[in-house]
1. Hey, among 140, 124, 75, which residue is closer than 15 Å to residue 21 by Cα, over 19 Å from the mean Cα position of the chain (by Cα) and surrounded by 14 or more Cβ atoms within 10 Å (Cβ to Cβ)?
2. Given the conditions (1) under 24 Å from residue 7 (Cα atoms); (2) open to solvent by 40 Å² or more (accessible area, probe 1.4 Å); (3) touching a residue at least 12 places away in the same chain (Cβ under 8 Å), and given that residue 69 satisfies all but one, which numbered condition is not satisfied?
3. Collect the residues in the range 4-33 that are part of a strand (DSSP E or B) and under 22 Å from residue 142 (Cβ atoms), keeping them in residue-number order.
4. Tell me which residues, restricted to the range 85-104, are open to solvent by less than 90 Å² (accessible area, probe 1.4 Å) and over 19 Å from residue 116 (Cβ atoms).
5. Could you tell me which of the residues 5, 30 is at negative phi and either at pLDDT 95 or above or within 18 Å of the chain's Cα centre (by Cα) (or both)?
6. How do the pairs read when you match residues in the range 12-28 that are closer than 26 Å to residue 61 by Cα with residues anywhere that are open to solvent by 50 Å² or more (accessible area, probe 1.4 Å) and not in a strand (DSSP E or B), using Cβ under 6 Å and keeping only pairs 6 or more apart or on different chains?
Amino acid sequence: GLISLLLPDAVIIDARRDPLDTCVANFRQLFAQGKNHSYDLVEVGEYYLEYLRLMQHWDEALPGKVLTMQYEELVRDLDGQVRRLLAHCGLDFEPACLEFHRSTRAVNTASSEQVRQPIYTDAVGYWRHFEAELDELKQVLGIR
């Protein structure tokens, strides 16, 4: 909401991923500080549900302002999803958008090494490696 008030022409992107993959990825990531909830699968699941509720609110409060991008669709159809994103932003397509991994700019995120690689599908369904340990998380998320 604040972004929309301060920057009325800003485009807001909601980048989503499968709930179990998202929660497992956050649980496995060693964050520097301030993310203590990420070390408990139940808390991670509760945070994910809060995120969904928050995004639903902004979808209703700012209709058409937030573009939801689904990670699984992006890795399956990079060209189509990049074109969809750029169209939403009012930008022209450039082939370099599909070769983001060739950029030499600095990256300061937990995924800093991943952005130097082309899109890959290995992370889709990664949670299945830990399925036997995810009963409580599935319960929190309402997944059977």
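The values are calculated or read from the model by the stated rules, or taken from the named source; none is laboratory data. Since the model is a prediction, treat every value here as computed from it, not as a measurement. Glycine gets a Cβ as well: all are built from the backbone with ideal geometry, and neighbour counts include every protein chain shown. We work out accessible area using only protein heavy atoms, side chains counted, and drop any ligands, DNA or RNA first. Shrake-Rupley method; radii C 1.70, N 1.55, O 1.52, S 1.80 Å.
1. So the residue among 140, 124, 75 that is closer than 15 Å to residue 21 by Cα, over 19 Å from the mean Cα position of the chain (by Cα) and surrounded by 14 or more Cβ atoms within 10 Å (Cβ to Cβ) is 140.
2. Here residue 69 meets the rest and fails (2).
3. Once the filter is applied, which keeps residues that are part of a strand (DSSP E or B) and under 22 Å from residue 142 (Cβ atoms), the range 4-33 yields 14, 15, 16.
4. Answer for the range 85-104, where residues must be open to solvent by less than 90 Å² (accessible area, probe 1.4 Å) and over 19 Å from residue 116 (Cβ atoms): 85, 86, 87, 88, 89, 90, 93.
5. Sole residue among the options that is at negative phi and either at pLDDT 95 or above or within 18 Å of the chain's Cα centre (by Cα) (or both): 30.
6. Hits for this filter: 17/71.
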